[in-house]
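Each remark here refers to the structure printed beneath this line.
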Amino acid sequence: MSYTNILVTTKNNIAQVTIARPKKLNALNRDTLQELHEAFTDLETNTEVQVIILTGSGEKAFVAGADISEFADFSEEEGGQLAAEGQELVFNLVENLSKPVIAAVNGFALGGGLELAMACHFRVASDNARMGLPEVSLGVIPGYGGTQRLPQLIGKGRALELIMTAGMIDADKALSYGLVNHVVSQEDLLGFCEQLAGKISNNSPVAISYAIKAVNAGFKNSNGYAAEISAFGACFGTADFEEGTTAFLEKRKANFPGK
Ligand code: COA
């Protein structure tokens with residue numbers, strides 16, 4: 001299958017999915033999310049593929065977030081829909097895939113980018129990677145599972161600090177938080193992930209798929225995601241959101257009316 005915004009290659013039972021919008025730092029627009037949905041759905045049933053590595057093109061970014069230019073003028077309802085559709089189409093699909101998905105975080109993983117990396121089964125970062133959930137600086141909250149998966153991975157206090165400050169952490173801090181499992185040089189990143197994928201592919205794919213199911217089951221006893229969707233949608237009705245996204249697109253500092 002051929003795509004416009006992503007690249008899918010396969011070698012030795014390992015597929016590599018590369019998000020390929022380097023000029024926009026691989027920001028997730030609607031078309032990219034749709035293509036990711038199609039690619040992961042296809043890989044799930046592709047008998048030649050046992051492990052998937054997800055990365056971003058270029059040396060600068062894994063994914064710098066959802067594409068802000070696409071949702072800056074959305075209404076509350078559209079905001080809610082954006083989160084609901086995205087979670088269903090891509091983030092939950094990746095998390096619940098029966099095959100292991102490793103995120104190779106090769107640079108900025110911000111907002112939807114970090115959320116996508118967190119939906120993967122585990123993460124390896126290059127030493128130049130920087131991660132964060134900067135949504136509140138735009139007057140919105142993480143809407144692709146970030147308010148749920150970040151606390152699961154690094155604990156509530158650290159997650160809330162990162163979300164509230166809209167700050168970024170570097171690869172070593174992410175390693176110390178347990179957000180990524182390994183940090184390697186950018187040059188070695190894909191090779192390192194391929195080695196890990198090779199080790200995984202020696203094991204039973206069926207058992208691995210059951211292990212994924214069992215681990216995920218432990219995190220499903222709340223309606224936190226639904227709460228996130230509704231709070232995310234509500235942000236779209238606020239003046240802070242209008243100011244935050246407008247300021248970004250006009251390349252100036254936001255002056256939030258809600259201050
Ligand atoms: N949505 C849309 N476009 C984005 C984007 C995003 N999330 N992130 C980066 N881009 C675009 C920029 O608008 C710019 O496009 P242009 O060249 O047409 O103006 C291009 O990608 C390069 O980004 P730029 O900001 O010039 O690079 P930088 O090195 O100065 O800064 C970042 C890098 C990651 C710090 C900065 O791009 C940024 O803050 N991005 C937004 C991060 C964010 O808030 N993500 C959460 C969204 S919910």
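The values are calculated or read from the model by the stated rules, or taken from the named source; none is laboratory data. This structure is a prediction, so every number in the text was calculated from the model and none was measured. Methodologically, a virtual Cβ is constructed for each residue, glycine included, from the backbone with ideal geometry; neighbour enumeration extends over all protein chains shown. Note: accessible area is taken over every heavy atom of the protein model, side chains too, but ligands, DNA and RNA are not part of it. Shrake-Rupley method; radii C 1.70, N 1.55, O 1.52, S 1.80 Å.
Descriptive notes on the structure:
- Qualifying residue in segment 29-48 (condition: within 16 Å of the ligand (Cβ to nearest atom), open to solvent by 40 Å² or more (accessible area, probe 1.4 Å) and at negative phi): yes
- Segment 109-125, subset in contact with a strand residue (DSSP E or B) (Cβ under 7 Å, 6 or more places away or on another chain) and part of a helix (DSSP H, G or I), residue farthest from the ligand (Cβ to nearest atom): Ala117
- Within segment 152-200, tally of residues that are outside any helix (DSSP H, G or I) and open to solvent by 30 Å² or more (accessible area, probe 1.4 Å): 7
- For segment 49-77, the set of residues classified as out of contact with any Phe, Trp or Tyr (no Cβ under 9 Å at 6 or more places or on another chain), assigned to a loop (DSSP other than H, G, I, E, B) and away from the ligand (no atom under 16 Å from the Cβ) consists of Val49, Gln50, listed by residue number.
- Cβ-Cβ under 6 Å pairs, at least 6 apart or on other chains, segment 80-104 side in a helix (DSSP H, G or I), far side open to solvent by 30 Å² or more (accessible area, probe 1.4 Å): Gly80/Ile229; Ala83/Ile229; Ala84/Ile229; Leu89/His37; Val90/His37
- Candidates are the residues of segment 133-146 that are in contact with a helix residue (DSSP H, G or I) (Cβ under 6 Å, 6 or more places away or on another chain) and buried (at least 24 other Cβ atoms within 10 Å of the Cβ); the one that is nearest to Glu243 (Cα to Cα) is Leu138.
- Unique match (being buried (at least 18 other Cβ atoms within 10 Å of the Cβ), charged (D, E, K, R), at pLDDT 95 or above and over 25 Å from Gly79 (Cα atoms)) among Arg149, Arg130: Arg130
- When residues of segment 228-259 are limited to those that are in a helix (DSSP H, G or I) and aliphatic (A, V, I, L, M), the one nearest to the ligand (Cβ to nearest atom): Leu249
- Condition check for Ala104: of a type in the set (Gly, Ala, Ser), away from the ligand (no atom under 15 Å from the Cβ) and in contact with a Phe, Trp or Tyr (Cβ under 8 Å, 6 or more places away or on another chain): yes
- Checking each residue in segment 88-107 for being surrounded by 22 or more Cβ atoms within 10 Å (Cβ to Cβ) and out of contact with any strand residue (DSSP E or B) (no Cβ under 7 Å at 6 or more places or on another chain) picks out Val90, Phe91.
Yes/no per residue for (1) closer than 24 Å to Leu189 by Cα; (2) assigned by TED's automatic domain parsing to the domain that holds His121; (3) buried (at least 16 other Cβ atoms within 10 Å of the Cβ); (4) at pLDDT 95 or above:
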residue	(1), (2), (3), (4)
Met1	no, no, no, no
Gly65	yes, yes, yes, yes
Gly80	no, yes, yes, yes
Gly86	no, yes, yes, yes
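- Filtering Lys99, Lys23 for residues that are over 13 Å from the mean Cα position of the chain (by Cα), more than 16 Å from the ligand (Cβ to nearest atom) and over 23 Å from Ala231 (Cβ atoms) leaves a single hit, Lys99.
- Top-ranked residue of segment 126-151 - restricted to ones that are part of a helix (DSSP H, G or I) and more than 14 Å from Gly111 (Cβ to Cβ), ranked as farthest from the ligand (Cβ to nearest atom): Pro151
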